């Protein structure tokens, strides 16, 4: 969850109001806060909407975290008995429920109390009684050193706003037909709010927000560590080549199509380093399994920079499987450079390089990473479309998979490749947060999450 909210909930005592319309994830956030606080016993969850049994069905991780709810009276059926920490308040009168809340505040030291939802309780009170009861709760909460969390499905209701210490609101909107969830930090007393909103996901019934993208010095994992995280069931099936990201492969039906072309589009705010970080996993998986890779630099990346970036994840005895197609020789990189011939060559240099690599290892898969910079240099801007039409059909003869990396600014190339590619992926920035989405075939949005050694994809649901 957002760092500001995490710091807020770690305080000794506070009241927090979680606002949002139905389906935005208010209950998920409240339970995730409970998990973050590691409050396995010293809490009281009041549900006015669903039974505790249903909570454990919708949130399977709860059973492992706090244990299955147990009836206070063993003679009562589990579906209807009073729970030790979860209160089924769907049929309770507001007066008796309010009394139990105050009893919890008086009898238990520093409890966490979640009221889901306060609207259902407050709706039975007149305005004066509601205000009085809310003040009483705040007073007892402070005396007990408790953490009190209100959930409200009426964002426009501001009755509680001036009383509580913190307010967050959950919203959802659509970005080009894809649902995006966003948490707004409206008030966190005593905490400086560095960023007012974050995009979040409810994947696996857990609330998780994503930090905005910041350029980082990303370095792939060293080869010994890579052995632990590489694909365990091979890089390909009869019909597909795995991307290196199981969650993406699943949504694509198995991975990238063999003998296919995949377009990787970079939106205007995404640079080549992000594309390299994304492709590093499939490149290193190919090299590990003794399969050759031809890399045509995009954004005019320097060969030394490319090798410095990818080399740590390659076994020392297999680095010669990775080839860079470049305009001239490069000092110290004789084993990794394929030099483009002069303008009088008979065949396209890309096709020729791929044919030679396939001929040398006919029983291995050949990965072709294409930047369009060299194509534009060879064909010129006016001739690149017609040149690519012939090029792609020739490339399929040797390459088992081609991935074309194209920036949004290369309009004509992007338009053509989007028409002929088997798959179209896009790395995009939404509200300063980095995402990947498959446009063809259509998929959900995936947040691109960086750690020290690799990137991961998390579904935004």
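Just one of the listed residues (113, 101, 149) is within 21 Å of residue 29 (Cβ to Cβ), assigned to a helix (DSSP H, G or I), assigned by TED's automatic domain parsing to the domain that holds residue 19 and under 38 Å from the mean Cα position of the chain (by Cα), namely 101.
Kindly check whether there is at least one residue in region 264-286 that is farther than 19 Å from residue 321 by Cα, buried (at least 19 other Cβ atoms within 10 Å of the Cβ) and free of Cβ contacts under 8 Å to residues at least 60 places away in the same chain. For region 264-286, residues farther than 19 Å from residue 321 by Cα, buried (at least 19 other Cβ atoms within 10 Å of the Cβ) and free of Cβ contacts under 8 Å to residues at least 60 places away in the same chain: absent.
To keep it simple, each residue is scored yes or no on (1) in a loop (DSSP other than H, G, I, E, B); (2) modelled with pLDDT under 95.
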| site | (1), (2) |
| --- | --- |
| 24 | yes, no |
| 27 | no, no |
| 30 | no, no |
| 38 | yes, yes |
| 49 | yes, yes |
| 53 | no, yes |
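Results for (1) more than 17 Å from residue 21 (Cα to Cα); (2) modelled with pLDDT of 95 or more; (3) buried (at least 16 other Cβ atoms within 10 Å of the Cβ), shown as yes or no for each residue.
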{"position": "129", "(1), (2), (3)": "yes, no, no"}
{"position": "141", "(1), (2), (3)": "yes, no, yes"}
{"position": "144", "(1), (2), (3)": "yes, no, yes"}
{"position": "153", "(1), (2), (3)": "no, no, yes"}
{"position": "171", "(1), (2), (3)": "no, yes, no"}
{"position": "191", "(1), (2), (3)": "yes, yes, yes"}
{"position": "195", "(1), (2), (3)": "yes, yes, no"}
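Restricting to region 302-320, give me the number of residues that are in contact with a strand residue (DSSP E or B) (Cβ under 9 Å, 6 or more places away or on another chain), within 27 Å of residue 457 (Cα to Cα) and surrounded by 16 or more Cβ atoms within 10 Å (Cβ to Cβ).
Filtering region 302-320 down to residues in contact with a strand residue (DSSP E or B) (Cβ under 9 Å, 6 or more places away or on another chain) leaves 303, 306-307, 310-311, 314.
In the following step, the residues that additionally are within 27 Å of residue 457 (Cα to Cα) were identified as 306-307, 310-311, 314.
Then drop every residue that is not surrounded by 16 or more Cβ atoms within 10 Å (Cβ to Cβ), which leaves 306-307, 310, 314.
Count: 4.
Here residue 299 clears all of (1) buried (at least 19 other Cβ atoms within 10 Å of the Cβ); (2) not in a helix (DSSP H, G or I) except the condition numbered (1).
Counting only residues that are closer than 24 Å to residue 206 by Cβ and either modelled with pLDDT under 80 or loosely packed, with under 12 Cβ neighbours inside 10 Å (or both), region 71-114 holds 2 of them.
The values are calculated or read from the model by the stated rules, or taken from the named source; none is laboratory data. Quick caveat: nothing in here was measured; it's all calculated off a predicted structure. Here the Cβ is made from the backbone with ideal geometry for all residues, glycine too, and neighbour counts use every protein chain on show.
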